[in-house]
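Structure record follows, encoded as structure tokens.
The values are calculated or read from the model by the stated rules, or taken from the named source; none is laboratory data. Keep in mind that what you see is a predicted model, and the values were worked out from it rather than measured. Positions of Cβ are backbone-derived with ideal geometry, glycine not excepted, and every protein chain shown enters the neighbour counts. Keep in mind that these areas ignore ligands, DNA and RNA; they rest on the heavy atoms of the full protein, side chains included. Shrake-Rupley method; radii C 1.70, N 1.55, O 1.52, S 1.80 Å.
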Amino acid sequence: MESKEDEALPKRSKPTEIQSISSKDSVLSMPNLPEELITEILLKLPVKSLLQFRSVSKSWLSLISSPDFVKTHLLLSASNKDYTHHGVMIKVSNANRGVKDCSLSALLYDSVPEAFDLDYPGQIPDGYPQLVGSANGLICLAINLFYGLDCLILWNPSIRKHKELPSCRLNLNRRHQEHGLPHFTFGFAYDEFQNDYKVVGIFPIYKYVSLFRVEVQIYSLKSDSWKRIDDFKGRELLDDSAKFVNGKFHWLDKQWNIISIDLADEKWEKVEQPCCFKRCGFLKLGVFESDLSVFCNYAWTHVDVWVMKEYGVKESWTKMFTIKSPEGSRGLIFYPAILMSNEGEILLQFGSRFTKYNPKDDSIRYLDVANLAPCLEVEIYVKSLVCPFYR
């Protein structure tokens with residue numbers, strides 16, 4: 001279902017300053033800059049400005065909307081080391097079913113960053129959102145109800161466009177649905193080899209409370225359809241969204257095994273891991289500087305941060321840090337690192353708050369974020385012009 005055009009864009013009846021300058025009747029005249037220079041300047045601008053500048057002329061609209069411009073702008077924005085073109089999507093408590101947005105650069109470098117409320121697509125009275133993942137500026141949302149999944153949505157909050165995915169047609173019969181609540185797990189990523197955006201859904205099917213089987217389906221934006229994938233070797237997975245590394249989705253099962261599926265050949269594998277992972281109290285998968293990472297929480301006292309330096313090589317698992325839990329924080333755990341700042345500080349989530357860990361002096365401090373209730377899920381995204389419809 002296509003969303004309406006962004007109503008916040010300037011109307012032609014209210015010209016911007018740039019429009020006035022470019023008007024034939026204006027006293028001022030726009031200098032005749034080379035097209036290459038105009039393109040270079042526009043590529044460095046944030047999405048909000050580009051959305052406004054589409055109204056300057058038909059040629060600017062055509063340029064800013066072109067696939068090559070969208071792709072190049074995305075690459076430049078994603079590689080910006082100051083993270084000025086990145087946002088942090090935050091799901092707050094299920095009680096208020098809200099989603100908030102915060103500038104990543106503000107979270108890293110401002111003294112008091114602020115979070116802002118977002119009206120997300122698919123809002124319904126009894127539904128609550130789950131942040132499945134992000135890719136190239138697109139956010140995948142699962143809108144859940146108490147008794148199961150309502151819908152899946154691909155959403156670009158920067159350009160305010162979204163697409164509701166077709167329903168997954170699970171191969172179920174009524175008697176397998178009557179016992180036990182659904183417990184679905186998803187992953188979302190961009191498949192660069194197929195130039196396609198894909199969602200993987202893992203659906204445990206229960207029969208009389210016990211697990212009957214697991215059905216796996218993959219959605220392709222290019223075909224706008226789901227297909228069933230067989231040969232799933234894993235057990236029931238934990239309910240965290242998948243982590244995408246090296247062209248593969250990764251989940252933890254309830255025995256702390258790391259299970260992966262390759263988007264290229266759709267084959268399942270078990271990722272080898274050190275024995276010490278089995279001895280920790282609580283595991284969490286993450287991605288740290290593009291590598292697969294694991295947070296091993298020990299009895300609410302500390303967390304060991306492990307990174308797989310060479311994908312697929314068991315011996316390359318390396319313990320990067322040991323972070324001690326702050327005093328008086330019993331019962332809270334660390335969640336995987338969000339990223340490392342230019343100063344070497346690690347931004348992560350501890351309990352329901354953002355924190356920064358400094359490996360140089362082994363210090364940790366809480367971040368005060370204005371207008372932010374306790375957060376449950378966090379997803380970084382790059383602000384882009386990518387449209388959630390295949391073209």
### Message
Suppose the chain between Glu192 and Arg213 were pulled fully straight at 0.36 nm per residue; how much longer would it get relative to their current alpha carbon spacing?
### Response
4.5 nm
### Task
Using just the helices of the chain, give the 222 nm mean residue ellipticity in deg cm²/dmol: DSSP H runs with n ≥ 4 each add -39,500 (n - 2.57), and the total is spread over all residues, rounded to 500.
-3500 deg cm²/dmol
### Query
Percent of accessible area on the chain owned by carbon and sulfur, 1.4 Å probe?
50
### Coil-residue trypsin sites (Lys or Arg not before Pro) of the range 28-78, DSSP, other Cβ within 10 Å capped at 16
Lys44
### Task
Count neighbours as other Cβ atoms within 10 Å of each site's Cβ, and list the chymotrypsin sites (Phe, Trp or Tyr not before Pro) in the range 27-79 that are DSSP loop with at most 11 such neighbours.
none
## Note on the structure
Scanning the chain, every Cys lacking a C-beta partner under 4.7 angstrom -> Cys102, Cys140, Cys151, Cys168, Cys275, Cys276, Cys375, Cys387
### Summary
If the label point sits 7 Å along Cα→Cβ of Lys48, residues of the range 71-85 with amide N under 12 Å come out as 85
### Query
Given that compact globular proteins tend to follow 2.2 N^0.38 Å, what is the ratio of the alpha-carbon Rg of the range 293-389 to that value?
1.22
### Query
Using DSSP loop states and a limit of at most 14 other Cβ atoms within 10 Å to flag GluC sites (Glu not before Pro), what is the longest stretch of the chain containing no flagged site?
8-177
## Note on the structure
Note to self: Kirkwood Rh of the chain, Cα pairs, one decimal, Å, is 22.9
### Task
Rounded to whole Hz and in sequence order, give me ³J(HN,Hα) for the range 238-247 from the Karplus expression 6.51 cos²θ - 1.76 cosθ + 1.60, θ = phi - 60°, writing x for Gly and Pro.
5, 8, 6, 5, 5, 10, 9, 9, 6, x
### Task
Grab the other residues whose beta carbon is less than 12 angstrom from that of Asn80, score K and R as +1, D and E as -1, and report the net.
+2
